[in-house]
Amino acid sequence: MTDLQLSLLAISGTLVVGVVAFNKWQEYKAKKTVENAFDDGQDDVLLNPDLASDVTQRHEPVLVDENTSASSPAEPVLPDSTETESGAEAQETTTVVPAEKDLPVDELIDCVIPLEFDTPVRGEKILTEIADLKFVGKKPVHFIGQTPGGERDVIAIGGAYTSLFAGIQMVSRSGALNELEYSEFVMKLRAIADNLNAHPDIPDMNTVILHARELHQFVAEHDAQLSVNVVANGAAWALNTLIAALEKMGFDQRPDGRLMMPDGDGGSLFTLSTNVSVSETMTSRLTLLLDVPCVAPSRDGFGAMAACARSLATRLGGTVVDDGNQPISKAALDEIAGQVSEFYAAMAEAQIPAGSVRAQRLFS
């Protein structure tokens with residue numbers, strides 16, 4: 001080996017060592033940046049109720065769907081007060097209204113087919129017959145029964161039922177119920193009816209399909225997702241350290257890599273994406289996403305998401321921006337607020353309030 005070759009090898013080795021050392025130094029600095037950001041003792045608005053006022057200082061959101069927007073805090077409604085008869089002491093009267101059951105069969109969003117029995121049928125017999133009919137295509141199928149006393153409820157072992165109601169969901173994000181799915185549903189339901197000696201009342205297919213398409217139009221017009229981003233002003237952030245810190249803030253990591261902020265009731269308030277693959281070690285952009293029709297206005301999902309974005313930007317030395325990398329302005333937020341009001345009003349008018357069981361089913 002010549003002196004030239006030895007020199008080239010030495011130079012190459014030095015360069016490789018230098019590159020590796022530089023990369024390690026960059027990762028170290030990124031890790032320390034995140035550690036310092038979350039160890040500085042700052043209170044997080046999501047974890048400290050006393051900082052709730054920060055929620056009102058929102059940034060401009062970005063709608064994935066042009067027709068809809070983010071949520072805004074619901075205005076409190078105070079009950080009217082009245083006085084009793086003249087000269088008598090005022091008394092408070094509390095009326096207890098029993099909560100309605102959220103049954104799995106809903107006539108507003110399901111095509112419901114009743115099956116009547118000549119004599120009451122035991123719940124265990126019904127459950128055996130309907131056990132295999134849970135989906136037709138991608139549309140879920142549910143059943144409830146009617147007791148001899150006229151009450152409708154889920155089928156239970158030990159119960160007796162005079163009627164069975166089968167419901168197939170007419171719409172989801174995957175599309176509306178079509179003719180083939182409806183025909184398959186009816187065919188399978190007729191077989192169940194024969195085994196139970198029941199008399200099904202099958203609705204006209206054209207009417208059902210028309211209703212499904214109208215409902216799908218509503219879903220398409222109100223299928224909105226709202227996002228805000230936090231971008232690094234300087235060096236990228238170390239991913240492992242960042243994710244650990246986010247989990248301490250309350251985020252739960254999903255199998256797909258996104259992090260979810262729980263709503264405190266078993267659901268999701270909003271999600272966060274690091275925008276990089278699992279093989280990456282650093283990121284310079286975080287995206288927070290709110291599934292608008294699936295979060296009730298009372299939870300103020302947008303307010304919590306915006307506050308979280310502001311907190312992350314402050315801690316990590318970043319900026320809250322829209323999808324076009326433009327800083328979010330107060331004027332744009334005010335414009336979105338008007339759209340928010342219209343969005344939730346339209347959903348409530350259609351008897352599908354955001355965050356309700358109906359909305360959760362339709363926008364799934």
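The values are calculated or read from the model by the stated rules, or taken from the named source; none is laboratory data. This one's a predicted model, so the numbers in the text were calculated from it and none came from an experiment. Heads up, the Cβs are rebuilt from the backbone with ideal geometry, glycines too, and the neighbour counts pull from every protein chain shown. Surface areas here come from the heavy atoms of the whole protein model, side chains and all, with no ligands, DNA or RNA. Shrake-Rupley method; radii C 1.70, N 1.55, O 1.52, S 1.80 Å.
The table for this structure:
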| item | result |
| --- | --- |
| When each of LYS101/LYS125; LYS101/LYS139; LYS101/LYS248 is checked by Cα-Cα distance, pairs over 31 Å | LYS101/LYS248 |
| Residue-level accessible surface for ASP265, protein heavy atoms, 1.4 Å, Å² | 110 |
| For peptides 121-134, 349-362, sequence by mean Cβ density within 10 Å, most packed first | 349-362, 121-134 |
| Table column - 3J(HN,Hα) (Hz), the stretch 302-312, Karplus curve with 6.51, -1.76, 1.60, x for Gly and Pro | 5, x, 5, 5, 5, 5, 5, 4, 5, 5, 5 |
| Surface accessible to a 1.4 Å probe, per residue, for the residues of the stretch 179-292, Å² | 49 |
| Nearest-10 value in Å² for the accessible area of CYS308, using the 1.4 Å probe | 0 |
| Modelled FRET efficiency - R0 45 Å, ASP252 with ARG190, Cβ distances, 0.05 increments | 0.55 |
| Exposure ranking of LEU103, LEU189 by accessible area [1.4 Å probe, largest first] | LEU103, LEU189 |
| Accessible-area order (highest first, 1.4 angstrom probe) of the listed residues ASP300, ASP323 | ASP323, ASP300 |
| 15 Å beta-carbon shell around THR271, net charge (K/R +1, D/E -1) | -1 |
| Carbon and sulfur %, accessible surface of the stretch 209-364 computed with the full protein complex present, 1.4 Å | 50 |
| In Å², nearest 10: area of PHE143 left accessible to a 1.4 Å probe | 20 |
| For the stretch 312-364 versus the stretch 107-139, the gap between their alpha-carbon centres in whole angstrom | 38 |
| Inter-label distance for GLU124 and THR147, nm, one decimal - labels placed 7 Å from Cα along Cα-to-Cβ | 1.9 |
| In sequence order, calculated HN-Hα J values of the stretch 154-170 (Karplus, 6.51, -1.76, 1.60; Hz; x Gly/Pro) | 5, 5, 10, 5, x, x, 10, 9, 8, 9, 10, 10, 9, x, 10, 5, 7 |
| Where ASP102, ASP263 fall by accessible area, highest first, once all protein chains stay in place (1.4 Å) | ASP102, ASP263 |
